[in-house]
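Input: a single structure, listed below in structure tokens.
Laboratory data are not the source of any read-out in this text; all were calculated from the coordinates shown. On a predicted model such as this, the values are computed, not experimentally measured, just so you know. So basically every Cβ, Gly included, is an ideal-geometry build from the backbone, and we count neighbours across all protein chains shown.
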Amino acid sequence: MFDSLNRHMLQPYVADTFVETPNFRRLASLSVTFDRFYAGSMPCIPARRELHTGRYNFLHRSWGPLEPFDDSMPEMLRTAGIHTHLVSDHPHYWEDGGATYHTRYSTWEFLRGQEGDPWKGVVAPGPAEHGTLLAMQHQDRVNRSHMPTEAEHSQTLTVDAGLEFIDTNAAADDWMLQVELFDPHEPFFAPRSYKDAYLPAHDGPEFDWPGYEKVFEPREQVDEARLHYAALVTMCDASLGRVLDAFDRHDLWDDTMLIVNTDHGFLLGEHGWWAKSVQPWYNELVHLPMFVWDPRSRWPGRRRNALAQTIDIAPTLLRFFGLEPGKDMLGQDLGDIVRDDDGGHEAILFGIHGGHVNVSDGRYVYMRAAADASNSPLEEFTLMPTHMRSRFRTDELAGWAPAEAMSFTKGVRTMRMPTSTPLVNPWMHGSLLFDLATDPQQQQPLVDDAVELRLLGILRDLLIANDAPTSQFERLGVPREGTLRAEHLQVDAHRARGALTAVPMPAPDQLNVPEVLARPLRELLSGRQTRDIVARHIPGAADTELVAIDGDMSLIDLARVAAIPVQTLVLIDAALRAARSETSIGSGAPS
């Protein structure tokens, strides 16, 4: 299992890609390649919760641990006498928000040093709060210094550990090994030998860690990030080759299933965005590479077109070992698809907690946004109140109330509380509809009331089937009961915002704050927030009464002073410019 592996850059899927992946081509010749495999819950740990449980995470809670009522596939195997072993360099497993996952396995091994993993202790030169980007970047520099060679790279060590398990246990029966690599997740840290193939004689600082935001960088910098990513993918390909060699060496093809997958992709400038989570979930992020060798059917080199996704992995592995999936698992056994392309889903959901709720029937993708700008009500349902790297704060917990038991909570009432800090507000992007048959790159949002109404009905049915809370129906403006009508549609009404979502933006330091944007922000900042904001962001200016916002201030300066994400300001600015152009209202602020 890889993290952030792009299907649209792998040679089994795109013949003319610039990324060299000979072992993925080799894998495709040995296994079944899935052509319509999708993510479900994003990002990393929510995807792993549904890998364990065979059901979606994102409708009920954000990033967090396995819950006490969850059926965990590795634990079910362990209980049945199957030895399950996890080897990984994925640091999120060992944080507050992932702390219950690795202990579901019989044994596990963690290899240190990826991203901001708090591994080797070197005091930073200045104050840095744990978990901030600056702190992570400092820790990453420290970690890289302890991996000077390919042999010492955490990816290499993780594969080493996996191969050790295979070499030790190849002759035994009844085991499941999960070799999980954090790569090619950002930062794109690969040994020089791989980078030289893509970036020869590169001088100066390397741009290998894009932010989660709109693309502001010049074309050459975007290209550099893509090349760093390509180098890391080629290293991942070499690691895959080592696993395939072990299958050959021990003749594991005879009785051992092999699944090669990822959790989601990563945008490298496509649609004018970097990364994931803060933009709509385009196909580059959710249409995933998936390869399965099933020794029961023995179909090398075949392709399958059935609609499948991550929730199907747990039932597949349980059935492979002769066990029945848990009654709360909603995924399907991929064995039927591998054998004769039979089965699959008629439609699927995918998304992130608080973002669009997306539905696809394999041809159309409908991204349903919040009904209004408040993106509310949005609630957490959990018995394990932790975020990625922290426990819930006491103020977050102060207003919790017991929820009614849900169909999958084994009769247990969870805590129910408002989500305090959703990562994204889908309302700013609007509801979107795409026809993958005519627009596979999702460049032209479609307005078709009949198609939207049909997909809205499918979305509602899937929400009900997954026991989505009432608050999700309210947030999305979808009635739980009754006839769906034209008044419930959103795509046409949101088309202006939807069109802006994918527009590449100029560098923020080249944009001055327009008066139509400056005026309301000046009023906001001249109020009670001013002293705290100025004191926090402009050293020595604690006595400033007003923040000067005028035509000479750039958006990046305004974002720094106002503590507002710069991509949000750019989108607001673009929307206002578009509105002025469409309505010829001059400098007046559109309603």
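Just check segment 229-299 against the gyration tensor rule for me: Cα atoms, a ≥ b ≥ c as the square roots of the eigenvalues, rounded for a/c under 1.5, and otherwise prolate or oblate depending on whether a/b exceeds b/c.
It is oblate, given that a/c is not under 1.5 and a/b is not larger than b/c.
In whole Hz and in residue order, list the ³J(HN,Hα) couplings for segment 310-322 that follow from phi through the Karplus curve 6.51 cos²θ - 1.76 cosθ + 1.60, θ = phi - 60°; x for Gly and Pro.
Once θ is set to phi - 60°, the couplings for segment 310-322 become 4, 5, 7, 6, 4, x, 5, 5, 4, 5, 4, 8, x Hz.
Hey, could you get me the Stokes-Einstein D for segment 7-349, Kirkwood radius over alpha-carbon pairs, 25 °C and 0.890 mPa s, rounded to whole µm² s⁻¹? All intermediate terms of the calculation are to be shown ahead of the outcome.
Numbers: Rh = 20.8 Å.
Estimated via Stokes-Einstein, D reaches 118 µm²/s.
For 52, 102, what's the fewest-to-most ordering of other Cβ within 10 Å of each Cβ?
Working: 52 22, 102 18.
If I rank by nearby Cβ atoms, fewest first, I get 102, 52.
Give the distance, in whole Å, between the Cα centre of segment 239-270 and the Cα centre of segment 302-320.
15
Would you mind counting up the charge near residue 238? Only other residues with Cβ under 12 Å from its Cβ, with Lys and Arg at +1 and Asp and Glu at -1.
-3
What is the sum of charges, Lys and Arg at +1 and Asp and Glu at -1, for the other residues whose Cβ falls under 11 Å from the Cβ of residue 284?
It works out to a net charge of +1.
Pull up the cross-link candidates among the aspartates and glutamates for residue 214, meaning alpha carbon to alpha carbon under 19 Å and not fewer than 8 places away within one chain.
Leaving aside aspartates and glutamates fewer than 8 places away in the same chain, those within reach of residue 214 are 186, 223, 224, 270, 284, 509, 557, 573.
When a footprinting reagent is the concern and you count Cβ atoms within 10 Å, what order do 244, 232 take, fewest first?
244, 232
Let me have the relative contact order for segment 7-349, percent, based on Cα pairs under 8 Å that are six or more residues apart.
Reported as a whole number, the value is 27 percent.
Near the amide H of residue 5, under 5 Å away, which other amide H atoms are found, from residues 5 or more places off or on another chain, if H is placed in the peptide plane?
When sequence neighbours closer than 5 places are left aside, the close amide H contacts are 263, 264.
Kindly provide the GluC sites (Glu not before Pro) of segment 67-152 that DSSP labels as loop, not H, G, I, E or B, and whose Cβ sees at most 10 other Cβ atoms within 10 Å.
In loop regions of segment 67-152 (DSSP not H, G, I, E or B), the sparsely surrounded GluC sites (Glu not before Pro) are 129.
Mind checking which lysines have their Cα closer than 16 Å to the Cα of residue 327? Skip sequence neighbours fewer than 8 apart in that chain.
Residue 327 reaches 410.
When a/c reaches 1.5 or more, the comparison of a/b and b/c decides; with that in mind, is segment 40-169 rounded, prolate or oblate per its Cα gyration tensor?
Oblate, since a/c reaches 1.5 and b/c is not below a/b.
Tell me, 367, 388, 136 in order of fewest to most beta-carbon neighbours within 10 Å? Before the final figure, lay out each step's value.
Numbers: 367 30, 388 16, 136 19.
Ordered by Cβ neighbours within 10 Å, fewest first: 388, 136, 367.
For segment 1-108, just say rounded, prolate or oblate: build the C-alpha gyration tensor, square-root its eigenvalues into a ≥ b ≥ c, call rounded for a/c under 1.5, and beyond that prolate if a/b exceeds b/c, oblate if not.
Prolate, because a/c is 1.5 or more and a/b exceeds b/c.
Please provide three numbers in whole Å: the alpha-carbon extents of segment 331-450 along the principal axes, with the largest listed first.
Cα spread of segment 331-450 along its principal axes, largest to smallest: 50, 39, 29 Å.
Tally Lys and Arg at +1 and Asp and Glu at -1 over the other residues with C-beta under 10 Å from the C-beta of residue 458: what net charge comes out?
Summing Lys and Arg as +1 and Asp and Glu as -1 gives -1.
Relative contact order (percent) for segment 98-178, with alpha-carbon contacts under 8 angstrom and 6 or more residues of separation?
Result for segment 98-178 is 27 percent.
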